[in-house]
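Q: Sharing a structure here in structure tokens format.
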Amino acid sequence: MLRVITTFPIAIALLAAVGICPQLHAETPGLMAEPPAEGRSVKTDQGYMVEYTDTIPGTDVTFAMVPVPGGEYEFKQGDKTLHVQIEPFWMSKTEVTWAEYKKFMNLAIVFAKFDDQKLRQVTDENKLDAVTAPSKLYDPGFTYDTGDEPNQPAVSMTQFAAKQYTKWLSLLGQNFYRLPSEAEWEYACRAGSTTLYSFGDDEDELEEYAWYDDMNDMQTGPVGKKKPNAWGLHDMHGNAGEWVLDSANPPADGPADGSKATVDQAVSWPTEVFPRVVKGGSWDSMADECTVTSRAESSQDWKSFDPNVPSSSWWFASYEGQLVGFRLVRPLQAPERSNREKYWQADLPVILDHANRRIDEEGKGERGIVDPELPQAIEKIQ
Amino acid sequence: MSDSSSNPSPNSRRDFLKHSAIAGSALAAMTVPQYAHAAGTDETLRVGLIGCGGRGRGAAIDALMADKNARLVALGDAFMDRAEGALTDFTANAEVSDRVDVTKETMYDGFDNFKKVIDSVDVVVLATPPHFRPEHLRYAVEAGKHCFVEKPVAVDAPGVKHVQESCKIAAEKGLSIVSGLCWRYDHAVRATMQQILEEKAIGDIVAIESKYNAGTLWHRGDNPEWSRMEYQVRNWLYYTWLSGDHIAEQAIHSLDKCAWMLGDEAPISAMGIGGRQQRTDPKWGHIFDHFTVFFEFPNGKHVYFTCRQQDNTDTFVDERVLGTNGQAEVLKNVVYDNNGKRTWRYRGDRPSMYRVEHQEFFKSIRDGKPIANGDYMCNSTMLAIMGRMACYTGKTLTWEDCINDTNRLGPTTYDWVDLPEPPVAIPGRTQLGDLASVYQG
């Protein structure tokens, strides 16, 4: 009873705050009915998109998302140019940090405990909402060589692991998160510019905006410390390279009638495990590898330091892995639940098969259900 | 630098160890090496894998990648499902699958699988849990086979001595013994060691702060149909007789780098503190989850070593080398001066050390110039066992206390029975012989 009494006034205060604040819904963070008094906003027919900070449910870890307006983007890949209609979205203000990613990594311990106690088991009925948690690190050095402080970008995860992170984060709460497409990523990085870098063409200015050329003693930089681009996005150039949804093969042609391609149509959906696209250059890239259109391509070699076969589904174990992280997007218009798997799940049977074998035969990695009740269930077993 | 070509002074402790191990042996009389003939470049080398876990599968693929005329012809594992899983992986690997000649008839299970594999190959990859290594290696070298030997090479002192003798036989027969202590084959670490040992970039080494602090590892669950022997072998990490405990199974990589820097000399003594705080559930067997060991080496050098496997603790894996004229971090491949300013960083190529060790292994066979990693792989294994002994007993132990310990861990015959488990060691109460006596009842 004491608990109810003490929380009651707080609940009242919260309700009052929502009433005063011109937010449309408490559960629609980042969207306001009226333009904010200060700060950027993006006008849409659903309201004004603003920057917001969200908390990973069940933790005290927060992350900030900034609005990116819709628009048309001329997306060039090789000799191909696609005119892409970009729909409005929010994008992580910084790369996903170790503070955030380690909460996801912790699922390996949590899911194992659930399995020991036969709790929250994955069944045919609920398996759509299952994620695979990254395996525990055999040699943490491979993963944390470039630092694992809470404010450093998480690196070394496979694209599959990054996608599973977005699924986990989405299913914990109400908002749909996914990786950006390459076209979205470039468009957001440009923030309206047409130059090599978001701030212009002069690479001498790059150090104000980017961690690159090993300027932090073999470490990634703390996120958000360098200047942002015009839309408030930090570290798009340098620091961790960033996964996008695309394979490194050219995208399909745009619509035959010459109309603009949707974001989904402009994605080069992968048909092989490698190569996939990593954008923006890294903490160890040279300036000319950190432009808006720069891309690195993942390869099987990034797993050559993995001593085991099948190799990890969730981790690289190489110098190149130390260069790769990711950030989130949340489209204003979220797809139906049935259309979300293509952003979240293994896109090739071989990726899923390896993950399943690692889990079922080797005891490496874990599988579990993610829903809004997960944080309480975790609290209960600890 | 890859092989054990360092030249210890004749009176060094290491030399003593090496010679005492074979003293009185008839082998000592066989002084003329009978080199196996060089395989040339075109001859097919038949490769067999014993121990079909993740590492064994990786090593077999590394072997095939290293040599285009190597063919994988036989697999051995205590369990047929593990051998079958390995074959699935080999078949699925487009780069090597055309050189996998394994059939149902050349996959062997049970505890004697190793004999059938070794009998049918030229080169063998030994990748079972470490307990079985001494027996497998001896059979392989007696049969005249080149060996890739995963770390650690034993779980007790009698096992280390047995492996030392096997390496002597291998040397006499001109067989290559390549160790799975892979950092010795890493280009960046080799370059860093060259800075430390040859360029004297940090002056003389005073002490090494060595850490292998990590989280917990896998568990393969239980099955009501499994005997306790099967349960232990499938979850071998958690039983000292099988793995040597995590100080030997995993953290040996750190101790091996320390040994490398100190000339692969045996230490004088070890004092250690260890125990089990987090991983207390019976499913984790009886091994510890943390060790701290202070090793004293000749000439006043010290190694301050920690390792742990505990979740939600800060992890760190590297050696910080303290010199009279600066410091180095080995895995980070950097050297600092005495003011903390970085004076060197590795910028060269970074081929996979797992690939490199097999490339050098197969080249040594082709060229008829055998690699002999036996000395350091035995010494580093014994370092880890010594650290474990000091922590289990709570006693400061000399090298002689440890290398002369005669307690052999594990059952003397292998069968799918309900094997007992030793209790978790308690410093101050546990004696060196306690772990062995469990299996003698």
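The values are calculated or read from the model by the stated rules, or taken from the named source; none is laboratory data. A quick note: this is a predicted structure, and the numbers were derived from the prediction, not measured. Reconstructed Cβ throughout: ideal geometry from the backbone, glycine too, with neighbour counts over all protein chains shown. Surface accessibility is based on the protein's heavy atoms, side chains included, excluding ligands, DNA and RNA. Shrake-Rupley method; radii C 1.70, N 1.55, O 1.52, S 1.80 Å.
Q: For the pair residue A:350 and residue A:225, what calculated FRET efficiency results from E = 1/(1 + (r/R0)^6), where r is the Cβ-Cβ distance and R0 = 56 Å, to the nearest 0.05? Don't jump to the answer; show the numbers that get you there.
A: Numbers: r = 39 Å, r/R0 = 0.70.
Working from the Cβ atoms, E equals 0.90.
Q: Here is a follow-up. Mind checking which of B:140, B:153, B:170 is farthest towards the positive end of the stretch B:45-183's charge dipole, using Cβ charges of +1 (Lys, Arg) and -1 (Asp, Glu) about the Cα centre?
A: B:170
Q: So what's the back-of-envelope 222 nm ellipticity for chain A, counting only DSSP H runs of four-plus at -39500 (n - 2.57) apiece and dividing by all residues, rounded to 500?
A: One gets -7500 deg cm²/dmol as the mean residue ellipticity at 222 nm.
Q: The stretch B:275-341: Rg/Rh from Cα coordinates, Kirkwood Rh?
A: For the stretch B:275-341, the value is 1.11.
Q: Return the FRET efficiency for the residue pair residue B:98, residue B:187: r is the Cβ-Cβ distance, R0 is 25 Å, and the value is rounded to the nearest 0.05.
A: 0.30
Q: Mind giving me the nanometre distance, one decimal, between the label points for residue A:81 and residue A:269, set 7 Å out from Cα along Cα→Cβ?
A: My value for the distance between the label points is 2.7 nm.
Q: Then there is this: Percent relative contact order of the stretch B:45-183, based on C-alpha pairs within less than 8 angstrom and at least six residues apart?
A: 24
Q: Something else: Pull up all non-local amide H partners of residue A:246: gap of 5 or more, or a different chain, and H-to-H distance under 5 Å with H placed in the peptide plane.
A: Distant-sequence amide H within range of residue A:246: A:182, A:277.
Q: Translational diffusion coefficient of the protein assembly as shown at 20 °C, 1.002 mPa s, Stokes-Einstein with Kirkwood Rh over Cα pairs, in µm²/s as a whole number. Working shown, then result.
A: Working: Rh = 28.7 Å.
It comes out at roughly 75 µm²/s.
Q: Restricting to bridges with both residues inside the stretch B:45-183, how much of the DSSP beta-bridge set is antiparallel, in percent to the nearest 5? If you can, show how the numbers build up before the last one.
A: Working: 0 of 20 bridges.
Just about 0 percent of them are antiparallel.
Q: Which of A:108, B:210, A:92 sits farthest toward the positive end of the charge dipole of the protein assembly as shown, with +1 on the Cβ of Lys and Arg and -1 on the Cβ of Asp and Glu?
A: B:210
Q: Something else now. Which value results when the Cα radius of gyration for the stretch A:89-246 is divided by 2.2 N^0.38 Å?
A: 1.18
Q: Sorted by average packing, counted as other Cβ atoms within 10 angstrom per residue and highest first, what order do B:48-58, A:251-261, B:303-313 take?
A: Descending packing order for the listed peptides: B:48-58, B:303-313, A:251-261.
Q: Here's another thing I want to ask about it. Considering Cα pairs under 8 angstrom that are at least six residues apart, work out the relative contact order of chain A and quote it in whole percent.
A: 22
Q: Hey, with R₀ at 25 Å, roughly what FRET efficiency would residue A:151 and residue B:199 work out to, going by the Cβ-Cβ distance, to 0.05? Numbers along the way, then the final one.
A: Details: r = 36 Å, r/R0 = 1.44.
Approximately 0.10, to the nearest 0.05.
Q: Answer with one residue from A:369, A:381, A:271: the one whose Cα lies farthest towards the positive end of the charge dipole of the stretch A:253-382, charges on Cβ with Lys, Arg +1 and Asp, Glu -1.
A: A:381
Q: Each residue of the stretch A:45-59 in order: what ³J(HN,Hα) in whole Hz does its phi give by Karplus 6.51 cos²θ - 1.76 cosθ + 1.60, θ = phi - 60°, with x for Gly and Pro?
A: 6, 9, x, 9, 7, 10, 5, 9, 10, 10, 10, 5, x, x, 9
Q: Another question, if that's okay. Which whole number gives the average, over all residues in A:209-220, of C-beta atoms from other chains lying within 10 Å of the residue C-beta?
A: 1
Q: Still on this structure: Hey, got the average number of other protein chain Cβ atoms within 10 angstrom for residues in A:135-146?
A: Taking all residues of A:135-146 together, the mean is 5.
Q: Exposed loop sites here are GluC sites (Glu not before Pro) in DSSP loop states with at most 14 other C-beta atoms within 10 Å. What is the longest stretch of chain A lacking them?
A: On the way: sites that count: A:27, A:38, A:125, A:272, A:336, A:373.
By the stated rule (loop sites, at most 14 other Cβ atoms within 10 Å), A:126-271.
Q: I need the P(r) histogram for chain A: all alpha carbon pairs, bin width 20 Å from 0 out to the longest distance, whole percents.
A: Reading the bins upward from 0: 28, 58, 14, 0.
Q: While we're on this one: Residues of the stretch B:187-223 that become at least 30 Å² less accessible with every protein chain present than in their own chain isolated, using 1.4 Å: which are they?
A: Residues shielded by partner chains are B:212, B:216, B:217, B:218, B:220.
Q: So, how do all the Cα-to-Cα distances of chain B break down into 20 Å bins, in percent, from 0 on up?
A: So the P(r) values, bin by bin, are 26, 59, 15, 0.
Q: I would also like to ask the following. By what distance, in whole Å, do the Cα atoms of the stretch B:45-183 stretch along each of the three principal axes, largest value first?
A: Rounded to whole Å, the extents work out to 40, 29, 28 Å.
Q: For the stretch B:318-437, report the % of Cα-Cα distances exceeding 20 Å.
A: Numbers: 4892 of 7140 pairs.
Summing the P(r) tail past 20 Å for the stretch B:318-437 gives 69 percent.
Q: Given DSSP loops and a limit of at most 13 other Cβ atoms within 10 Å, what is the longest stretch of chain B that contains no such GluC sites (Glu not before Pro)?
A: No qualifying site falls inside B:226-441, the longest such stretch.
Q: Note down the relative contact order for chain B as a percent, whole number, built from C-alpha pairs under 8 angstrom at least six residues apart.
A: 20
Q: Using a 1.4 angstrom probe, figure out how much accessible area the protein assembly as shown has per residue, in square angstrom, rounded to the nearest whole. Intermediate results must be reported in sequence, preceding the final value.
A: Working: 32640 Å² over 823 residues.
Roughly 40 Å² per residue, with all protein chains present.
Q: Additional query: So if each residue of separation counts as 0.36 nm, and I subtract the Cα-Cα distance between residue B:172 and residue B:407, what length gain in nm does that give?
A: 81.8 nm
Q: Oh, and also: Using a simple charge model, +1 on the beta-carbon of Lys and Arg, -1 on the beta-carbon of Asp and Glu, nothing else, what dipole does the stretch B:327-394 show about its Cα centre, in debye to the nearest 20? Provide the component values of the computation, followed by the final result.
A: Values: 11 positive and 7 negative charges, 61 e Å.
Here the size comes out at about 300 debye.
Q: Also, quick follow-up: Read phi for every residue in the stretch A:335-349 and hand back ³J(HN,Hα) as whole Hz from Karplus 6.51 cos²θ - 1.76 cosθ + 1.60, θ = phi - 60°, with x for Gly and Pro.
A: With coefficients 6.51, -1.76 and 1.60, one gets x, 4, 3, 5, 9, 8, 4, 5, 8, 9, 9, 4, 8, 10, x Hz.
Q: Another question about this same structure. Looking at chain B only, what percent of DSSP beta bridges run antiparallel? Nearest 5 please.
A: 55
Q: A further question on this structure: What is the magnitude of the charge dipole of chain A about its Cα centre, with +1 placed on the Cβ of each Lys and Arg, -1 on the Cβ of each Asp and Glu, and no other charges, expressed in debye to the nearest 20?
A: 1460
Q: So how many Å³ per residue does the convex hull of the Cα atoms of the stretch A:39-106 work out to?
A: Output value, Cα hull per residue: 134 Å³.
Q: Another question about this same structure. Using a 7 Å offset from the Cα along the Cα-to-Cβ direction at both residue B:91 and residue B:271, what is the distance between the two label points in nm, to one decimal?
A: 5.8
Q: Once you put a point 7 Å from the Cα of residue A:60 and another 7 Å from the Cα of residue B:421, both along the Cβ direction, what distance in nm separates them?
A: Modelled inter-label distance: 3.6 nm.
Q: Under a Cβ-only charge scheme (Lys and Arg +1, Asp and Glu -1), can you give me the dipole magnitude of chain B about the Cα centre, in debye to the nearest 20?
A: The calculation lands at about 760 debye.
Q: Could you give me the ³J(HN,Hα) list for the stretch B:291-304, computed from phi with Karplus coefficients 6.51, -1.76, 1.60 and θ = phi - 60°, whole Hz, x at Gly and Pro?
A: So the Karplus estimates, Gly and Pro as x, are 9, 10, 9, 9, 9, 9, 10, x, 6, x, 8, 10, 10, 9 Hz.
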